[in-house]
Amino acid sequence: GIRFSSAYASAPVCAPSRYSIQFGQTPARLKMIRVGMNTSHINHSTDFTIPKQLKSINPDYVTAHFGKWGMGSSPSVLGYDESDGATGNKDGVFTQKPQGVQWENTINEDPKKMFSITKNAIEFIDRQTKSNNPFFLQLSHYAVHSNVLMREKTLKKYKNTPKGKYQKHTGFAAMTEDLDTGVGLLLDRVKALGLEGDTYIIYTSDNGAVPIMPPKSFYKNSSNFPLSRGKWDALEGGIRVPFIITGPDIMPGAESKTPITFSDLLPTIVDLAGNKNLMQNNLDGGSFKYILANNGVGAVKRFSEGLVFHVPYENGIALKRAHSAIIIGDYKLIKFHDTNELLLFNVTKD
């Protein structure tokens, strides 16, 4: 498909990014900026979610969410017909104590439930294909979040593979390949069912990788090198993520350098489904449908020119400084709220 090499998660942690995907708004506008905060101020019943908007275009749409939910409401409230419920990291094996156990290599033949939730997803697609229903499926893997689980044969492979200069965790490498195998099963099924010609598949991650494993605040270079730092920070390593889309009219192997972010997903998906005119004043994202069919070239029209990232709290693991960032074109400005220090980068050069 097409690779967006300047794609950004909406936040350097999971929950705010997941909210941004569903509602087409930035975590700053949603006032949902960290994991575990109260979200009662958010209208989860709004009609402006991905599944509800698709159903407004075509009531025959069937929608599903499998895997990690990680939000303050349930998938059904947002309009998903099928789901695993209001799941979180613990449902995919996550243990904070004793300290360090989450970074130990643990053998499991269904690591992070990646094969079982893929099976659920394939069965859902099979049923919708048989019934000739249009469908939207969101499959949110518990991998590659800790704990580090992998199949025995995959771990053995990476124990015999030379470590990289910055990517050194054997188990994390194995877990990543197992995840890739799971994604491959889904892609193979879509192809076998003859759905490739009219199905869009979007692959991304809700934040950047943990910089070093186990995490600590101070380090020289992270596993995200050459991107700076990692998860929990709005520097490039914390928010710049893989983002690949395949589907109708998309040139295989194309690349787009246009900056996009998760609040663009709702308008784009709705646009692809046939509704160009979203009548919503406080959407932060814009559609990049045109870019998909134009070999990666083009701009995204949004109400605001820049991409905004807001981390207004101190985090003991990361920079330990509240900060925000804005990206406009090639330039990224970071502001630290404790001293009002400003950093300006041309991210295409630095």
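The values are calculated or read from the model by the stated rules, or taken from the named source; none is laboratory data. Worth saying up front: this structure is predicted, and the values here are computed from it rather than measured. Using ideal geometry, Cβ is built from the backbone for each residue, glycine included, and neighbour counts are taken over all protein chains shown. Accessible surface areas use protein heavy atoms only, side chains included; no ligands, DNA or RNA. Shrake-Rupley method; radii C 1.70, N 1.55, O 1.52, S 1.80 Å.
Before moving on, here are some points about what is shown:
Condition check ((1) in contact with a strand residue (DSSP E or B) (Cβ under 7 Å, 6 or more places away or on another chain); (2) open to solvent by less than 50 Å² (accessible area, probe 1.4 Å)) across all residues:
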site	(1), (2)
Asp284	no, yes
Leu307	yes, yes
Arg321	yes, no
Phe336	yes, yes
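Residue-by-condition table, conditions (1) modelled with pLDDT of 95 or more; (2) closer than 14 Å to Asp284 by Cβ; (3) part of a loop (DSSP other than H, G, I, E, B):
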| position | (1), (2), (3) |
| --- | --- |
| Arg3 | yes, no, no |
| Pro16 | yes, yes, no |
| Tyr19 | yes, yes, no |
| Gln25 | yes, yes, yes |
| Gly36 | no, no, yes |
| Ser45 | yes, no, yes |
| Pro59 | yes, no, yes |
| Ala64 | yes, no, no |
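- Selection count, the stretch 298-319, where residues are closer than 21 Å to Gly24 by Cβ, part of a loop (DSSP other than H, G, I, E, B) and aromatic (Phe, Trp, Tyr): 1
- Only one entry of Ser74, Ser83, Ser131, Ser140 meets the criterion of being open to solvent by 10 Å² or more (accessible area, probe 1.4 Å), over 24 Å from Ala209 (Cα atoms) and in contact with a Gly (Cβ under 7 Å, 6 or more places away or on another chain), and that entry is Ser74.
- The residue that is farthest from the chain's Cα centre (by Cα), counting only those in the stretch 106-123 that are in a helix (DSSP H, G or I) and of a type in the set (A, V, I, L, M), is Ile122.
- Single residue of the stretch 143-166 satisfying the filter (part of a loop (DSSP other than H, G, I, E, B) and either among the charged types (D, E, K, R) or more than 25 Å from Ala209 (Cβ to Cβ) (or both)) that is modelled with the highest pLDDT: Arg151
- Members of the stretch 31-65 that are hydrophobic (A, V, I, L, M, F, W, C), open to solvent by 10 Å² or more (accessible area, probe 1.4 Å) and over 20 Å from Val270 (Cα atoms): Ile33, Val35, Met37, Ile42
- Remark: pairs (first residue in the stretch 153-173, more than 20 Å from Val101 (Cα to Cα); second residue assigned to a loop (DSSP other than H, G, I, E, B); Cβ separation under 6 Å; 6+ apart in sequence or on different chains) = Tyr166/Asn221; Tyr166/Ser223; Tyr166/Phe225.
- Residue tally, condition hydrophobic (A, V, I, L, M, F, W, C) and open to solvent by less than 30 Å² (accessible area, probe 1.4 Å), over the stretch 104-124: 4
- Boolean, Thr95 is touching a helix residue (DSSP H, G or I) at 6+ places or on another chain (Cβ under 7 Å), among the polar types (S, T, N, Q) and surrounded by fewer than 21 Cβ atoms within 10 Å (Cβ to Cβ): yes
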